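The values are calculated or read from the model by the stated rules, or taken from the named source; none is laboratory data. Only a predicted model underlies this, so the values are computations on that prediction, with no experimental measurement involved. Cβ coordinates were reconstructed from backbone atoms using ideal geometry, including for glycine residues, and neighbour counts include every protein chain displayed. Remember, those area values only see protein heavy atoms, side chains included, never the ligands or the DNA or RNA. Shrake-Rupley method; radii C 1.70, N 1.55, O 1.52, S 1.80 Å.
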Amino acid sequence: VLSGYVENLIEHQPDEATLQHALNLMSQQAQRMQQLTEDLMLLSSLENKPGASKREVVNVAHMLVSLREQAELLSGQKNHTIELEADENVYLRGNPKELDSIFTNLVVNAVNYTPEKGSIHIRWYADEVGAHFEVQDTGIGIATHHIHRLTERFYRVDVARSRETVGSGLGLAIVKHAIQQNQGKFRFDCELGRGSTFTCDFPAHLVVYKGDEAAKSDATT
């Protein structure tokens, strides 16, 4: 797309409307390439790490407030209802960049695959077994025969709809490996036409509660 339009613009003198259309398409494709490159580099880094990532105490609730704002901007004219339920007392010991990648990929995925005026519920909480990040949507859902392949590289459940987004097809693969690096587990509950729920479970020994000395000394937002 880029090469074709550049060649065309060099050889011809386009009118303003044609030029604007070409620039818009070129910009979209450049974003796709940039996203693909960044995601491939991140996935490669996660797959080739010899051991656990350096961990810090992360203020997850604070991180999710910013993520919700980003999701609302991304939603735009789709007018999604995006709710956030985050326990401000629950921190997590992990790699901030990897955790941000996990949360962002799952929320962006929900926005991209939820129809207009649908709802997305983001939840962060802890119980006796650990901490949990959950994204529930009223999207298109996923048929049973796709479930076992969801975290494969470039796997697309809905190819036609995927072409409408800037996604690289690597989001859930990144989530899978990033969660493993942070000692967590990834699970999902999906039903075709009824929406999906994606959950990340983190072990109790990584949970830090607000007010603990560790949280006071090295919390990262």
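Things to note:
- Taking amide H atoms as placed 1.01 Å from N in the peptide plane, the amide H of VAL90 lies under 5 Å from those of LYS210, each 5 or more residues away in sequence or on another chain.
- Separation in nanometres of the label points that stand 7 Å from Cα toward Cβ, at SER27 and ASN79: 2.5 nm
- Accessible surface of segment 42-92, 1.4 Å probe: 44 percent of it comes from carbon and sulfur atoms.
- Taking all protein chains together and rolling a 1.4 Å probe, THR138 ends up with roughly 70 Å² accessible.
- Once all protein chains are placed together, GLU85 keeps about 90 Å² accessible to a 1.4 angstrom probe.
- Cα centroid separation, segment 1-33 to segment 101-123 (Å): 31 Å
- Accessible surface for MET41 stands near 130 Å², nearest 10, in the context of the full protein assembly shown (1.4 Å probe).
- Ordering of 129-137, 182-190, 16-24 by packing [mean C-beta count within 10 Å, highest first]: 129-137, 182-190, 16-24
- Applying both filters, DSSP loop and at most 11 other Cβ atoms within 10 Å, to the trypsin sites (Lys or Arg not before Pro) of segment 22-116 gives LYS54.
- Cross-link pairs exceeding 27 Å in C-alpha to C-alpha distance, out of LYS49/LYS185; LYS185/LYS210; LYS97/LYS210; LYS49/LYS210; LYS54/LYS176; LYS117/LYS176, comprise LYS49/LYS210; LYS117/LYS176.
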